[in-house]
């Protein structure tokens, strides 16, 4: 807020509320208006992105964030309308997490042609030369899921290093889910480089619910109780496998490394039943995307890489209270979102 | 397996034998087919795993939630209805059970009675959703398919709203109440009881429902409604009232499935049983039930639920790719149902 010293306390608060909350607020005090459009609005993941964007806006002082997205993550045509509306409204930049690789290509091209800067976050768009060669396209800010799998594998190797021939199993999530397939590939490629490890991949898939993952894990574990480690590539599958290990009383001997946080999983980590958890940083994603957009708007030279990988950490029982890890699962969003 | 007794009268036909062997035959057939396939693919070692006592115990426990829900579905389907909402009602029950537990745990005055509040809330949720289904079907004169499609959406939305999409664990997930660990146990408890406690609880409910269907007025009215609703009405059966009671009873059984699910997951999960309705309807139909009503038995349904679980378990032991599993399971459901229809026509 450049001119805020002239304003009364009340109007500072009002401006902050407008910047932070409702998308309709425009403030003359702000130089740039940036629309941040998530895939959905209810999940904590998106709320963290929102908070990160607000954090960047407050730090920069000259940015007004408009936040609007579909309620559910599969409402791609609604998201398309939102993008088109902000582009025609003439916002300076749009930060978008596309619901769909294909559907959002045209609206993004339309926005770029109008001169709106665009940053894509979280999930990629279908490759399009028209977008990638456009000077207003500012690149892709997201978690490197492959790297997440690599980190998980490194943690696993650390956990089983004392065994001479450890048996490690990976339970896949579901065919067709790009982010988890990337994580699986990262894990598989890294673990296979260790020649002493007997690596197996179940033909069974964890499926979308915690219960489907639990059933699969119970079936597999009843046949092979001599496993040393299991990797599960997302929150529901990690939760299901953790519960199966718990029910079968195998949480001690079998090390579990999983992905993404929840109250249950963080408790498992603290309790020593879960031995590693790869955590993404959506707050960082929102923050970096807004920074990137404003950098370009200010006329700074474009960043050399079009792809920016956001923060990613492996949490363990030992490091989970470190200042660099703790915010990834226990960040207080209230100061940003005011809920 | 014994061959049919040679003393059987000559007028006996294949269809009679099928009726006598009833649903067991399908179960046996599926077991034999999978045993052969697994033997071909993985040799005797694979068969040993598939037919091992520990795997069979696992199959029985994995059938418990679908079987509990299928008991309710059997009652509804015999009366000529259907209930598509069961998958999300089970999920919603896990959520309300956990929320009630956490609520009671947060109130010092209620210490010691958390589990009562939890189970009460879970059963209440199921009863209420069943009652709602029954009232909507009878008062609005809508098809059960449409009504329960609607309540399915409501249960789904409500569960998602109550949890904000995140799992709801026990206040201290490493100290679960006794009933949760007991119901979640895959092993028999006590050891001599052969199958896990959750499966015993379902068998108990099954016995009650079987007696209800066979020996009570409500049971006879249930079959009468499904066979010919108009005739039942003309005979003086209070159709609306009976239907509401049956849907509410089904809601209670679905709620028990939800309590078992809650114990299994030791958490409230807003979508944990999504898609369960299809497995459950398949179980009832495999067990001899019919979408047009008037048919179905408790024993058949239990066997149907076991069969659905065995299909998944067998495909897993066969290490089939997922896409083939869907095809094979679908195919077997169609074949078994076709045999049921053919048997009835003879």
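The values are calculated or read from the model by the stated rules, or taken from the named source; none is laboratory data. All values reported here derive from a predicted model rather than from experimental measurement. All Cβ positions, even for glycine, are placed from backbone atoms using ideal geometry, and neighbour counts span all protein chains on display.
Tell me, yes or no, whether the range B:285-308 has at least one residue that is modelled with pLDDT under 95, within 14 Å of another protein chain (Cβ to nearest Cβ) and out of contact with any strand residue (DSSP E or B) (no Cβ under 7 Å at 6 or more places or on another chain). Checked against the condition, which is being modelled with pLDDT under 95, within 14 Å of another protein chain (Cβ to nearest Cβ) and out of contact with any strand residue (DSSP E or B) (no Cβ under 7 Å at 6 or more places or on another chain), the range B:285-308 yields at least one hit. Considering the range A:268-278, and only residues there that are in contact with a helix residue (DSSP H, G or I) (Cβ under 9 Å, 6 or more places away or on another chain) and facing chain B (nearest Cβ under 10 Å), the residue that is surrounded by the fewest Cβ atoms within 10 Å (Cβ to Cβ) turns out to be A:273. Does any residue of the range A:13-29 turn out to be modelled with pLDDT of 80 or more and part of a loop (DSSP other than H, G, I, E, B)? No: the range A:13-29 contains no residue that is modelled with pLDDT of 80 or more and part of a loop (DSSP other than H, G, I, E, B).
In the range A:192-208, the condition of being surrounded by fewer than 23 Cβ atoms within 10 Å (Cβ to Cβ), touching a helix residue (DSSP H, G or I) at 6+ places or on another chain (Cβ under 6 Å), within 14 Å of chain B (Cβ to nearest Cβ) and assigned to a helix (DSSP H, G or I) is met by no residue.
For the range A:209-226, the candidate set comprises residues that are in contact (Cβ under 8 Å) with a residue 40 or more places away in the chain and in a helix (DSSP H, G or I); within that set, the residue that is farthest from the chain's Cα centre (by Cα) is A:220.
Tell me which residues, restricted to the range A:261-284, are within 14 Å of residue A:331 (Cα to Cα) and in contact (Cβ under 8 Å) with a residue 24 or more places away in the chain. Once the filter is applied, which keeps residues that are within 14 Å of residue A:331 (Cα to Cα) and in contact (Cβ under 8 Å) with a residue 24 or more places away in the chain, the range A:261-284 yields A:261, A:262, A:266, A:279, A:280, A:281, A:282, A:283, A:284.
Taking the range B:185-223 as the range and being assigned to a helix (DSSP H, G or I), within 13 Å of residue B:57 (Cα to Cα) and touching a residue at least 12 places away in the same chain (Cβ under 8 Å) as the test, the residues that pass are B:197, B:198, B:199. Against the list (1) at negative phi; (2) without any contact (Cβ under 8 Å) to a residue 40 or more places away in the chain, the condition residue B:291 fails is (2). Quick check: is even one residue across the range B:265-279 more than 14 Å from chain A (Cβ to nearest Cβ) and either surrounded by fewer than 24 Cβ atoms within 10 Å (Cβ to Cβ) or more than 14 Å from the chain's Cα centre (by Cα) (or both)? Taking every residue of the range B:265-279 in turn, none turns out to be more than 14 Å from chain A (Cβ to nearest Cβ) and either surrounded by fewer than 24 Cβ atoms within 10 Å (Cβ to Cβ) or more than 14 Å from the chain's Cα centre (by Cα) (or both). Evaluate the following for residue B:328: is it within 14 Å of another protein chain (Cβ to nearest Cβ), more than 21 Å from residue B:206 (Cβ to Cβ), surrounded by 13 or more Cβ atoms within 10 Å (Cβ to Cβ) and touching a residue at least 12 places away in the same chain (Cβ under 8 Å)? Yes: the conditions hold for residue B:328. Criterion applied to A:329, A:336 was being modelled with pLDDT of 90 or more, assigned to a helix (DSSP H, G or I), touching a helix residue (DSSP H, G or I) at 6+ places or on another chain (Cβ under 6 Å) and surrounded by 21 or more Cβ atoms within 10 Å (Cβ to Cβ), and the one residue passing it is A:336.
Taken as a whole, the range B:224-232 holds at least one residue that is under 22 Å from residue B:148 (Cα atoms), away from every other protein chain (no Cβ under 14 Å) and not in a helix (DSSP H, G or I). Against the numbered list (1) in contact with a strand residue (DSSP E or B) (Cβ under 6 Å, 6 or more places away or on another chain); (2) in a helix (DSSP H, G or I), residue A:189 comes up short only at (1).
Restricting A:248, A:265 to residues that are within 11 Å of another protein chain (Cβ to nearest Cβ), within 30 Å of residue B:177 (Cβ to Cβ) and surrounded by fewer than 21 Cβ atoms within 10 Å (Cβ to Cβ) narrows the list to A:248.
Yes/no per residue for (1) within 13 Å of chain B (Cβ to nearest Cβ); (2) surrounded by fewer than 23 Cβ atoms within 10 Å (Cβ to Cβ); (3) modelled with pLDDT of 95 or more:
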residue: A:235; (1), (2), (3): yes, yes, no
residue: A:239; (1), (2), (3): yes, no, yes
residue: A:244; (1), (2), (3): yes, no, yes
residue: A:256; (1), (2), (3): no, no, yes
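The set of residues in the range A:157-176 being under 22 Å from the mean Cα position of the chain (by Cα) and either over 30 Å from residue A:74 (Cα atoms) or free of Cβ contacts under 8 Å to residues at least 40 places away in the same chain (or both) consists of A:174, A:175, A:176. Here residue A:271 meets the list (1) within 20 Å of residue A:45 (Cα to Cα); (2) out of contact with any strand residue (DSSP E or B) (no Cβ under 8 Å at 6 or more places or on another chain) almost entirely, failing just condition (1).
Results for (1) buried (at least 22 other Cβ atoms within 10 Å of the Cβ); (2) free of Cβ contacts under 8 Å to residues at least 24 places away in the same chain; (3) within 29 Å of residue B:165 (Cα to Cα), shown as yes or no for each residue.
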residue: A:37; (1), (2), (3): yes, no, yes
residue: A:41; (1), (2), (3): no, no, yes
residue: A:46; (1), (2), (3): no, no, yes
residue: A:74; (1), (2), (3): no, no, yes
residue: A:85; (1), (2), (3): no, yes, yes
residue: A:101; (1), (2), (3): no, no, yes
residue: A:117; (1), (2), (3): yes, no, no
residue: A:125; (1), (2), (3): no, no, yes
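Residues of the range B:139-177 that are in a helix (DSSP H, G or I) and over 24 Å from the mean Cα position of the chain (by Cα): B:139, B:161, B:162, B:163. Being touching a residue at least 24 places away in the same chain (Cβ under 8 Å), out of contact with any strand residue (DSSP E or B) (no Cβ under 6 Å at 6 or more places or on another chain) and part of a helix (DSSP H, G or I) holds for only one residue in B:36, B:119, and it is B:119.
Which residues, taken from the range A:116-142, are at pLDDT below 95 and assigned to a loop (DSSP other than H, G, I, E, B)? The answer is A:122, A:123, A:124, A:125, A:126, A:127, A:128, A:133, A:134, A:135, A:136.
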